[in-house]
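Trainee: What follows is a structure written as structure tokens; I'll ask about it next.
The values are calculated or read from the model by the stated rules, or taken from the named source; none is laboratory data. Here the structure is a predicted model, which is why all the values come from computation and not from measurement. Cβ: placed from backbone, ideal geometry, glycine included. Neighbour counts: every protein chain shown. These area figures cover heavy atoms from the full protein model, side chains too; ligands, DNA and RNA do not enter into them. Shrake-Rupley method; radii C 1.70, N 1.55, O 1.52, S 1.80 Å.
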Amino acid sequence: MNDNRLHETEQICFSGAGSMAESIVRGLIHKGVAKPAQIIMHNRSNLERLEYLSGEYGVRTASQDAEKDKDLQEASVIVLAMKPKDAAEALRALGTKLIGNPLIVSVIAGLSISTIQALLGRALPIARTMPNTSSSIGLGATGISLSSEVNAKQRQNVMSMFEAVGQVSVIPEAQMDILTGVSGSGPAYIYYMMEAMIAAGIEGGLTAEHARELTVQTVLGAAVMMNETGEDPAKLRKDITSPNGSTQAAIEVLDAHHFTAGVKAAVHRCSERSREMGEAVKAALS
């Protein structure tokens, strides 16, 4: 039996049923953290989406307000997965319906713990999370910040939920923006580099298929090598960079184009933009 399983009496209610919510549900079921019968999914009005999720995963869905309210009142974990523009109205309404102190898990970018609690009208236990898109294949990287109201059992529950879709790092909320810059948006930087590698391969005469296959396997191999060896990336790079060799020539070109400075600037700008968006969300919801 999975020691990280939610107790069979506990229910997780998803308020919002988009792609990230589906990724988490898939992971919960696949890793045995929760049974389909313990999972409930709501959205505003897309009944076709709810029918798909029910048929695909065996979870329960609800579309009528009275049924939704009952689900929310009985859930031990409520996942906020709606769009940011819908959050203010949804959270204000949610705060008037809840009984007890369920764990509130937010996957809404930019929505701070204090803002969530203010909209709910009381200091409920909050887990603010920032997953990335690789969660959809179980290889996500998720940052989690917890409010002081979260107890040990609730902490274990949220850890189990996101470990089901990848790796989890618990961080102070003040670090959530830089985490967004590193891992939240990080897959896009890698894809951007891969686009360039594929394009160069095609320019050099490779077929598009070969250029893609070689690029994918190269990036995958490098990531697995670093993970399995535990080596610093600088050492791994130096190990394959012979003096005056072809790799050294390539690294010199990257240096000439300020590769390291550019990547670091991109991460910091992403972090800054995340903070700006968070402030905009806060202002719009006040």
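Trainee: Please list, ordered by first then second residue, the pairs with beta carbon atoms under 9 Å, 6 or more apart or interchain, first in the range 62-88 and open to solvent by less than 10 Å² (accessible area, probe 1.4 Å), second of a type in the set (Phe, Trp, Tyr).
Mentor: Close Cβ pairs (under 9 Å, with a partner that is of a type in the set (Phe, Trp, Tyr)) amount to Ile78/Phe14; Val79/Phe14; Leu80/Phe14.
Trainee: Here's something else I'd like to know. Return only the number of the condition from (1) at pLDDT 95 or above; (2) out of contact with any Ser or Thr (no Cβ under 8 Å at 6 or more places or on another chain); (3) open to solvent by 70 Å² or more (accessible area, probe 1.4 Å) that Thr133 does not satisfy.
Mentor: Condition (1) is where Thr133 drops out.
Trainee: Just checking, does the range 99-117 include any residue being modelled with pLDDT under 95, among the hydroxyl-bearing types (Ser, Thr, Tyr) and surrounded by 16 or more Cβ atoms within 10 Å (Cβ to Cβ)?
Mentor: yes
Trainee: Among (1) of a type outside the set (Lys, Arg); (2) at pLDDT below 95; (3) within 25 Å of the chain's Cα centre (by Cα); (4) surrounded by fewer than 15 Cβ atoms within 10 Å (Cβ to Cβ), there is one condition Ser286 misses while meeting the rest; what is its number?
Mentor: All conditions are met except number (3).
Trainee: Follow-up. In the range 30-53, what count of residues is obtained for those that are under 19 Å from Thr133 (Cα atoms), assigned to a helix (DSSP H, G or I) and open to solvent by 50 Å² or more (accessible area, probe 1.4 Å)?
Mentor: Of the residues in the range 30-53, 1 are under 19 Å from Thr133 (Cα atoms), assigned to a helix (DSSP H, G or I) and open to solvent by 50 Å² or more (accessible area, probe 1.4 Å).
Trainee: Hand me the list of helices (runs of 4 or more DSSP H) wholly inside the range 151-209 holding 1 or more residues that are open to solvent by less than 80 Å² (accessible area, probe 1.4 Å) and within 19 Å of Ile24 (Cα to Cα).
Mentor: So the answer is 152-163, 186-203.
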